[in-house]
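Okay, structure first, notes after.
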Amino acid sequence: MTTTSTSLPLTHKGAPLLPEALAAPRQSLTTRTGERLAWYGDGGGSGRPLVLIHSINAAPSSFELKPVFDQYRGKRPVYSLDLPGFGHSDRPVGSYSAERFATAILDCLEQVVKGPADVLALSLSGEFAARAALLAPGRIASLALISPTGFGARQPFGPGIGRPLHRFLTLPLLAAAAYALVTSRPSINYYLGKSFVGKPPAALIDYAYATSHQPGARYAPLMFLSMQLFTRDAPERLYSALPADFPVLAIADRDPYVTFEKLAGFVATHPNWRLEGLAPHLGLPQWERLPALIATLDRFWAGAPAAV
């Protein structure tokens with residue numbers, strides 16, 4: 001039976017109790033800046049570890065990549081990280097930045113994985129993963145990017161617009177009202193529904209509602225809404241800066257929140273990149289195209305040619 005928002009247990013502060021995102025042990029690490037980050041892991045199986053990084057929006061968490069985690073659990077070591085400000089990780093007030101998220105990924109790789117890993121990241125988090133690979137060469141062996149940002153025709157805001165916008169969005173009364181609006185159950189159902197060809201799973205909606213109603217949940221998403229987490233000219237500044245022999249897989253069909261006008265041209269001039277569509281999906285193929293996604297990932301990690 002599917003749990004609804006009205007039946008989720010409440011904490012002593014009135015927030016819905018946040019369940020475990022994955023059926024695996026959850027542990028925590030302390031970052032170099034003193035933050036507590038939650039991560040799930042299963043060290044069973046063999047081969048190179050796989051690290052999963054959820055997207056950035058109003059209500060993300062490790063639950064977004066649950067189908068991939070469940071698929072590889074027991075077959076190869078697999079880990080999933082709740083980024084700062086999300087899931088079971090600390091959600092302090094303060095500045096959230098691309099650098100902060102990139103170093104969080106590195107802290108997980110250094111403290112938990114302790115060896116080269118394949119990294120799979122969703123949407124904007126692909127930029128953070130690429131930044132992490134540049135900061136610590138050798139920690140990341142390959143990148144698989146689902147609906148990667150940075151390849152649209154329009155550039156994100158620069159700090160001249162983003163910072164004033166963030167100050168506006170974080171005005172006390174406006175911040176609470178705006179965040180409450182986008183994280184209401186009807187809003188979550190609407191925005192998640194735009195990312196599915198079919199109907200979004202009720203469990204995904206339930207978890208998004210619960211995680212978005214934890215204390216401090218609005219701080220990181222409001223920074224995201226001000227567009228300050230995006231890197232301007234990401235293809236040149238991040239993706240092209242990766243070594244020429246560093247393997248990257250981009251998976252992109254259609255996405256209501258990300259466009260890919262420049263992606264095919266970029267891949268055509270970067271032999272270390274591979275592009276797969278896996279149509280039809282709208283940015284979350286792990287939920288609607290799982291067998292095709294897993295087959296594509298396995299071929300990529302094995303170094304096999306793309307399917308024709």
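Arrange Trp39, Trp273 by Cβ neighbour counts within 10 Å, fewest through most, would you?
Ordered by Cβ neighbours within 10 Å, fewest first: Trp273, Trp39.
Taken one residue at a time, the phi angles of segment 221-231 give Karplus couplings (6.51, -1.76, 1.60, θ = phi - 60°) of x, 5, 5, 4, 5, 7, 6, 7, 8, 7, 9 Hz. Gly and Pro are set to x. Each residue in Tyr209, Tyr191 was given a count of other beta-carbon atoms within 10 angstrom of its own, and listing them fewest first yields Tyr191, Tyr209. Listed values for segment 28-34 are Karplus-derived 3J(HN,Hα) couplings in whole Hz (6.51 cos²θ - 1.76 cosθ + 1.60, θ = phi - 60°), namely 9, 10, 10, 6, 5, 9, x, and x replaces Gly and Pro.
How many percent of DSSP beta bridges within the chain run antiparallel, rounded to 5? Numbers along the way, then the final one.
Details: 10 of 32 bridges.
Percentage antiparallel, nearest 5: 30.
Once C-alpha pairs closer than 8 Å and six or more residues apart are averaged by separation and normalised to the residue number of the chain, the relative contact order reads 20 percent. Distances between placed amide hydrogens fall under 5 Å for Arg274 paired with Val248, Leu249, Ala250, all partners being 5 or more residues away or on another chain.
Pop the C-beta distance of Glu236 and Val197 into the FRET formula with R0 = 30 Å and round what comes out to the nearest 0.05.
On the way: r = 33 Å, r/R0 = 1.09.
Efficiency at R0 = 30 Å is approximately 0.40.
Compute the length gained on full extension between Gln27 and Leu275: take 0.36 nm times their separation in residues and subtract their Cα-Cα distance, giving the result in nm to one decimal.
Fully extending the segment from Gln27 to Leu275 adds 85.9 nm.
Treating only the Cβ of Lys, Arg, Asp and Glu as charged (+1, +1, -1, -1), what charge dipole size does segment 229-308 show about its Cα centre? Round to the nearest 20 debye.
On the way: 7 positive and 9 negative charges, 6 e Å.
For segment 229-308, the charge dipole is close to 20 debye.
Here the Gaussian network model covers the chain, with springs between Cα atoms less than 10 Å apart; of Gln286, Gln214, Gln27, Gln27 fluctuates the most. The lysines within cross-link reach of Lys75, meaning a Cα-to-Cα straight distance under 22 Å and a gap of 8 or more places when in the same chain, are Lys66, Lys114.
Rounded is the label for the chain. Its Cα gyration tensor axes, ordered a ≥ b ≥ c, give a/c under 1.5. Annotation: amide H of Ser226 has no partner in the under-5 Å range at sequence separation 5 or more or interchain, hydrogens built in the peptide plane.
Grab the Cα-Cα distance for Glu261 and Ala141, subtract it from 0.36 nm times how many residues apart they are, and report the gain in nm with one decimal. Before the final figure, lay out each step's value.
Numbers: separation 120, 0.36 × 120 = 43.20 nm, distance 2.70 nm.
Separation in residues times 0.36 nm, less the Cα-Cα distance, equals 40.5 nm.
The aspartates and glutamates within cross-link reach of Lys194, meaning a Cα-to-Cα straight distance under 17 Å and a gap of 8 or more places when in the same chain, are Glu64, Asp206, Asp253, Asp255, Glu288. Proximity of backbone amide H atoms, modeled 1.01 Å from N, is registered between Val197 and Leu282 at under 5 Å, excluding neighbours fewer than 5 places apart on the same chain. Protection proxy ranking for 194-205, 105-116, using the average of other Cβ atoms within 10 Å per residue and placing the highest first: 105-116, 194-205.
With the Cα gyration tensor of segment 230-308 giving a ≥ b ≥ c as the square roots of its eigenvalues, does the rule (a/c under 1.5 for rounded; else a/b larger than b/c for prolate; else oblate) give rounded, prolate or oblate? Because a/c hits 1.5 or more and a/b fails to exceed b/c, segment 230-308 counts as oblate.
Each reported figure results from applying straightforward, stated rules to the coordinates on display, with no laboratory input. Owing to the predicted nature of the structure, the values given are computational and were not obtained by experimental measurement. No Cβ is skipped: glycine too gets one built from the backbone with ideal geometry, and neighbour counts run over all protein chains shown.
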